[in-house]
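Working notes, structure below.
The values are calculated or read from the model by the stated rules, or taken from the named source; none is laboratory data. All values reported here derive from a predicted model rather than from experimental measurement. Virtual Cβ from ideal backbone geometry, glycine too; neighbours counted across all protein chains shown. What goes into the accessible areas is simple: the full protein's heavy atoms, side chains included, and nothing from ligands, DNA or RNA. Shrake-Rupley method; radii C 1.70, N 1.55, O 1.52, S 1.80 Å.
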Amino acid sequence: MRGRPITTMAVLTVAVALTTSACLGSSTTNNSGSGGNATGGTAAGSTVEIMYAYGGAQDTGFRASLDPWAKSQGITIKYNSSDQFDKLIQTRVQGGDLPNIAVFPQPGIIKGFVAKNAVQPLDDIVDIAKVKSTMVTGFLDAASVNGKVYGIPISANVKSLYWYDKANFAAAGLTVPKTQDELYALMDKVKAMGKTPLCYGMESGGATGWPATDWIEDYVLQTAGIEVYDQWVAGTVKFSDAKLAPAFDIYQKMLTDDKNVFGGAKAAAANAFGTALNPMFAATNPSCFTGKQGNFITGADFFGKAGVTAANIDTKVGVFQTPSVSGQSPVLGGGDLLAVMKSDAATKAVAKYLTEDSTFGGPWAKTGTMLSPHKDFDVSNYPNQTLKDVATILQKATVFRFDGSDSMPAKVGAGSFWTEMVKWQSGQEDRATALTNIDNSWPAS
Amino acid sequence: MSASATSVPQVGSGKAPKGKVGAKASQASWVVKAVVWIIVFLWTLPTIGLLVTSFRPTTAQFNGWWNVITNPTQLTIQNYQDALTTGSNPMGGAFLNSLAVAIPATIIPILIAAFAAYAFTFMDFPGKNVLFIVIVGLLVIPNQAAFVPLFRLFNLFHLNGTFLAVWLVHIGFGMPLAVYILRNYMGTLPKAVIESAKIDGASHFTTFWRLIIPMSYPALASFAIFQFLWVWNDLFVALIFLQGEPVMTVALKALMGQQGQGYALLTAGTFVTMLLPLVVFVSLQRYFIRGMTSGAVKG
Amino acid sequence: MAADAVVDPDAPESGVWKWVKIGFFVVVAVGLIAIGTSTAGANGGLKLANALIAIVGGVLGAMVLFWLLNKLVEMLPPKWEERLKPYVFIGPAIAAIAVFLVFPAVQTVQGSFYNADLSKPVGFQNYVYLFTKDPDFKSTLVNTLLWTLIVPTVTVILGLLVATLTDKLNPVSEKYAKMFIFLPMAISLVGSAGIWKLVYDSSSGNIDPQTGELNRIGLLNAIIGFFGKDQVGWLQTVDMKLNTLCIIIVFVWTQVGYAMVLLSAAIKGVPEDTIEAGRIDGAGERRIFFSIVVPQIMPTVVTVFVTVLIGAMKVGDLVFAFGADAYNANVIGSKFITTLWTDSDLGKSSAIVVVLLIAVIPILIYQVRTFRREEAMR
C-alpha cells in the first residue's frame, strides 16, 4: 500500500469514473415542463420566477412597472436579477432547473436554447399578430427560429447614434451630416482646424472591445443590406467575405487613423468607453467633436462626468442618426427579450401582459433607463427631449436589426469579435489576420 | 488587547507566559518601524483611492481621487445612503442571508477538517497517504468546474435554493485547504504529547477536544478567517445555489446597470461589505499570541 | 505536566466549552440583530427566523454527528474500535471531498473527451486542438508559468518579512499594521478590480466640466505624468509581459495577507527558550532568524508556498476581470472561464482543467515526500 500511492489513486479514480459514467450521458434537460403542463388552473395565487440582467435603476423601474399589475392578478413574482445572468442561465439549463420566464439581452443564447428544448415557442402563448402590429418593424425576427417566435422584446435601445455638443458644434461651424460623404466632409473640416474629429474608446474591463462591434454592425447594415447582415449574423457570410469589406473599410478609414481619433488610434483600445466621448463637451477648445454610442451614454456615469445633467441635457447634448451611406437609414439597436422556459397559467398571463400590452413600462420609461419596443408607446413618458428624439428614431425605423454580436454564438459575439477588433485597433494584428481569426473561431456545426 | 500578555487566558499552562512583550517596543528599531509602515502605506494606498472615491459623487469623478486634497468640499455620504436604501435587494436582508450562509459554512468545515487532520496526523490507517495526496491534488480544481455537476446532483434531491445547498458547496470547496492547513499545523505538534495523554488513559476523542484543539487555535483561527472571507465574498455559489435570495455580494452587484451605471454605489457598497470581515479578523487576532501554544506543548 | 492540566476535565477553558461559548455568543449576537431589524415586516422576521434556525441547526447538527459516530464506534469491541475510529474522524471530510470535488473532477476528466455539449465522445480532439490549433494556448501556458514562478516566491518573502517585522512592534502597532496588510483579503473581487482600475486606468476622456481640462484618473499615469511622461496602458501593454506583471501585482497584493496570517501564527509558536538560547550564545537577530526561527517554521512556509502556488495556478476571474483576453495575458484559469462561460464548450473547458490537474503532479510528488519524511521523523 505504502509503495505505490499514485497507482492506487489511479485505480481509485477509474473505479469512481465507472460508477459515475452513467450520469454524464443524461445531461440534456429533462424537466423543461415539455411545454404541455398548462394545467388549466387559475393564475391567481401562483408564483412566477423571472430571471433577467437588469440592475440598478433599470431593475427598480422594471419591478415598479410589473408589480401593480401582478398584485391585481394575485400573482407573486419572484424576481431573480443578476449582472451574471448569462452564466447563471447556462447553469440552470445545464442543471435542468428552469425559471418560468427569462429576459435575455442576447437573442443568440435563446437560439442556442431552442435546440436544447429549454425555451418554448411563444406562438402558442402570446397573440403574436397583436404583438407584431405594435412592435418596431423587424424586432421580432431577432429570436425567431424556423418561423416560430421564441423571444419578444420588452425593452429596447438604439445604437445607430452619433452624439455632439451643441455649442461646440455650432462654434466650429459644423452642421449635422445626413450622409456618409457629409460626415467625411465634417471630419476634413475639423482636421483642417488642426483637431481630431472623433472621440472613441473600446476599453470595458472583461468586455473590452464591444464598442467596435457596434460600429461594424451599423455599417454592415448600411453597406451590405439586411439580407447579407442576417446571413453574416447566422454565420453563412464570413467576416472576411468581400461583401462585408465596405463596412470594415469605413471603420478602417475613420478609426484607425491617428488624425481622426482623439488620443491616437492605438490608444483608443485602452480608452474607457464610458468617458471616451466626454472630451467633446469641453467648455472651450474641445479635443474631438462627435462620437458614436448607444443611448445609455447620456447617464450620470458617462456624460454626467462631463457636466451633463437632467436639467441641461436638452440644451447641451445633440444626437443624430448614423448618416446614410447608400440612401437607406436602417436602425441598429438592442433589447431584452422575454422567453418562456417553464410554462403554467400564471406564467402565460405574465408573458402576455409584458409583451402584448404596448403601454407596459410607463413608470420604467420615466426613470430614463428604458425605451419601449412598441411603435405606439407614448413618448411623453420619457424624461427629456433627447430621449424622446431617440425613441422617435426607433419608432419610425423602417428597418430595424438587433445588435449582431448579441445574436452570434457567444464564442464569437462576446469573444473573438471583441478581442480581435482590439488586437487590430491596438496594432497587435493587421485587419486580415483579425478577420481570419474571427472566422476560425466560429463554432463548428 | 493589553500590552501585557498576562491578561490573556492561558490554555492549560499554569506557568506565567514567557513573552518578551514588555521589552518589545524598545527593541523595534526605527528601521523596522519605517519598513513596516512603508509596506503598510503601499498596501493601503490603492484601497484609499477607492475609499475616497466612495465619498465622491459620480459627477465629480472626472479627475483623480487625490484631487480631494485640494478640494475637500466635494465629499458626500450620498453614495452610502443610496447603496443602503435604493436598489431592489435591500442590503439589510442581504446581510442576514450572508450571515446565515457564512457562519455555518465557516464553522462546520473547520470542525470536520480538524477531525480529519487529527486522524491524518496522529492515527495510522490503511490508505492514509493516498487520501492525503488526493486531497492536495484536488486543491487545483477550479470551483467553476464543479458547478454544473453539483447543480444537477442537488436538483435530484430538491436542494437548490436552500441554505443547506450553499453550506454543502462551501464545506466541500473549503475542505481540502482546511485539511491541508490543519494537518500541516498539527504535524508540527510533538507526538510525545499524544503519547502521554494515551498513557493517562485519554481516548482519541478526549485528546482531540481537550488537547489538540486548544493547541491548534492559531491554525483554526487562521483558517476560520480565510473560510469566512471566501464565503462572505463569494458571488457565484450564492447566485447559483441560493437562487434569488440575495446575499451581500449579490445585492452589491445588483446596484449596477447593464453598462456599469451606478459604479459609485458599488464603491460605497464594497466598504459596507468589508466591515464585518475586518471585525472578524481583529477579534480572531487574539488567538495569535506568543506563548499560546508553546506553554501547552512543553509537558 | 502542562499536558496533564489540559486533559483535566475540570480545566476552566477546555476545548468543548470554548466552542460552545463561541457558538452561544454568535447566537446571541444574531438574536440581537434579529430584534433590531424585525420591524422590517413579516417577511424580514421570517427570513430572520430561517437564518437563525439555519445557523444553529447547521452548526449543532455537525457537532452531534461527530459525537454520535464516536459513541457508536466506542460501543464496538476495542479491536474494531481502534480499527474504525480513524475512518470516523476522516469520514465526513472524505465524504465532502468525494461529493464536491472527486465527483466533479471525475466528470471533468470524462468530459474532456467529449464535444462542446458533452453529447458525443471525440477522443483526444480537445487536447489536440488546445496544443496545436488554439491561437493563444501557448501564451496562456507561458503566462501561467510566469505566475507560478513569481507569485509564491514573492508572496512568501513579503509575508515572512511582514510577519517577522510586525512581531517586533508594540502590540497596538502590530495589530493595526497587520490589519492594513490583511485588508486586501477582505475585499471582494469586484472591489479589487475597482481599486486597481483606479491605479492602472489609462483612459483619456476625463474632462473637467468647468475648465474643459483633461485629467488622468489612474494613479500610476498621474505619477508618471508629473514627470511629463505620456499615459501608459498598463493592462494593455503586451511588450515585456507588462500587463501580466501588473495583474500579478494585484494577486500578490491580495495574497500577502494570507501568508502573513499563517506565518505570523507560526512565528508566535516558536518556543521562546530556543530563541533565548540563541541569544545567550551571542547570535545576532539575523542569525537567530535564519538558523533558529526559519527551520522551526519551515513546515508552515511550505504550506503557504504550496497553497499560494496552487492558488496562482488556478487564478482565473481576476485575470478575466481586467480584460486580459484581448492582450495575451490569459492564464489557464481565465482561459477555462472564457471557454466554459463564453464559448459554452464543456469539452474543451474540461480538457483545460485536466491540463491543470497534470501540472499539479510535481507538487503532489513533492508533498508525498515531505509527508513521508515528517512521518519518519516523528
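Here are a few things to note about the model shown:
- Where C:SER192 falls short, out of the listed (1) in contact with a Pro (Cβ under 8 Å, 6 or more places away or on another chain); (2) within 7 Å of another protein chain (Cβ to nearest Cβ); (3) within 22 Å of C:PHE320 (Cα to Cα): (2)
- Among the conditions (1) assigned to a helix (DSSP H, G or I); (2) within 28 Å of B:PHE226 (Cβ to Cβ), C:LYS348 misses just one, which is (2).
- Positions within the stretch B:119-141 being within 19 Å of C:VAL354 (Cα to Cα), among the hydrophobic types (A, V, I, L, M, F, W, C) and either free of Cβ contacts under 8 Å to residues at least 24 places away in the same chain or touching a Ser or Thr at 6+ places or on another chain (Cβ under 8 Å) (or both), in sequence order: B:ILE133, B:VAL134, B:LEU139, B:VAL140, B:ILE141
- Residue among C:LEU183, C:LEU160, C:LEU219 that alone is at pLDDT below 95 and crowded, with 17+ Cβ neighbours inside 10 Å: C:LEU183
- Within the stretch B:158-200, restricting attention to residues that are in contact with a Gly (Cβ under 8 Å, 6 or more places away or on another chain) and among the polar types (S, T, N, Q), the residue that is farthest from B:LEU239 (Cα to Cα) is B:SER196.
- Among the candidates B:THR85, B:THR106, residue that is farther than 30 Å from B:ARG183 by Cβ and of a type in the set (Ser, Thr, Tyr): B:THR85
- Pairs with Cβ under 6 Å, 6+ apart, first in the stretch C:194-213 and in the same structural domain as C:TRP234 (by TED's automatic domain parsing) and in contact (Cβ under 8 Å) with a residue 40 or more places away in the chain, second not aliphatic (A, V, I, L, M) and not in a helix (DSSP H, G or I): C:TYR200/C:GLY218; C:TYR200/C:TRP234
- Residues located in the stretch A:173-194, provided they are surrounded by 16 or more Cβ atoms within 10 Å (Cβ to Cβ), outside any helix (DSSP H, G or I) and in contact with a Pro (Cβ under 8 Å, 6 or more places away or on another chain): A:PRO177
- C:LYS335, sole failed condition from (1) in contact with a helix residue (DSSP H, G or I) (Cβ under 8 Å, 6 or more places away or on another chain); (2) open to solvent by 40 Å² or more (accessible area, probe 1.4 Å): (2)
- Here B:GLN144 clears all of (1) facing chain C (nearest Cβ under 7 Å); (2) without any contact (Cβ under 8 Å) to a residue 12 or more places away in the chain; (3) polar (S, T, N, Q) except the condition numbered (2).
- Scan of the stretch B:197-216 for residues that are more than 7 Å from every other protein chain (Cβ to nearest Cβ) and either under 19 Å from B:TYR185 (Cα atoms) or of a type outside the set (Lys, Arg) (or both), ordered by number: B:ILE199, B:GLY201, B:SER203, B:THR207, B:PHE208, B:ILE212, B:MET215, B:SER216
- Verdict on C:THR254 being hydroxyl-bearing (Ser, Thr, Tyr), in contact with a Ser or Thr (Cβ under 7 Å, 6 or more places away or on another chain) and assigned by TED's automatic domain parsing to the domain that holds C:GLY194: yes
Condition check ((1) of a type in the set (D, E, K, R); (2) assigned to a helix (DSSP H, G or I); (3) at pLDDT 85 or above) across all residues:
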{"site": "B:ARG210", "(1), (2), (3)": "yes, yes, yes"}
{"site": "B:ALA219", "(1), (2), (3)": "no, yes, yes"}
{"site": "B:GLU245", "(1), (2), (3)": "yes, no, no"}
{"site": "B:MET274", "(1), (2), (3)": "no, yes, yes"}
{"site": "B:GLN285", "(1), (2), (3)": "no, yes, no"}
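- Any pair with Cβ under 7 angstrom, 6 or more apart, that starts in the stretch B:85-106 at a residue that is at the interface with chain C (Cβ under 8 Å from one of its Cβ atoms) and more than 14 Å from B:HIS170 (Cβ to Cβ) and ends at one that is of a type outside the set (D, E, K, R) and surrounded by fewer than 22 Cβ atoms within 10 Å (Cβ to Cβ): B:GLY92/C:THR37; B:GLY92/C:ALA40; B:GLY93/C:GLY44
- A:LYS259 surrounded by fewer than 21 Cβ atoms within 10 Å (Cβ to Cβ), touching a Lys or Arg at 6+ places or on another chain (Cβ under 8 Å), in contact (Cβ under 8 Å) with a residue 12 or more places away in the chain and more than 25 Å from A:ILE216 (Cβ to Cβ): no
- Set C:VAL151, C:VAL142, C:VAL88: member being without any contact (Cβ under 8 Å) to a residue 12 or more places away in the chain and assigned to a helix (DSSP H, G or I): C:VAL142
- Within the stretch C:285-294, the presence of a residue that is surrounded by fewer than 23 Cβ atoms within 10 Å (Cβ to Cβ), more than 25 Å from B:THR53 (Cα to Cα), within 14 Å of chain A (Cβ to nearest Cβ) and polar (S, T, N, Q) is excluded.
- When A:LYS71, A:LYS78 are checked against the criterion of being at pLDDT 90 or above, at the interface with chain B (Cβ under 10 Å from one of its Cβ atoms) and open to solvent by 60 Å² or more (accessible area, probe 1.4 Å), A:LYS78 stands alone in meeting it.
- Selection count where residues are touching a helix residue (DSSP H, G or I) at 6+ places or on another chain (Cβ under 8 Å), touching a residue at least 40 places away in the same chain (Cβ under 8 Å) and buried (at least 21 other Cβ atoms within 10 Å of the Cβ), scope the stretch A:217-247: 10
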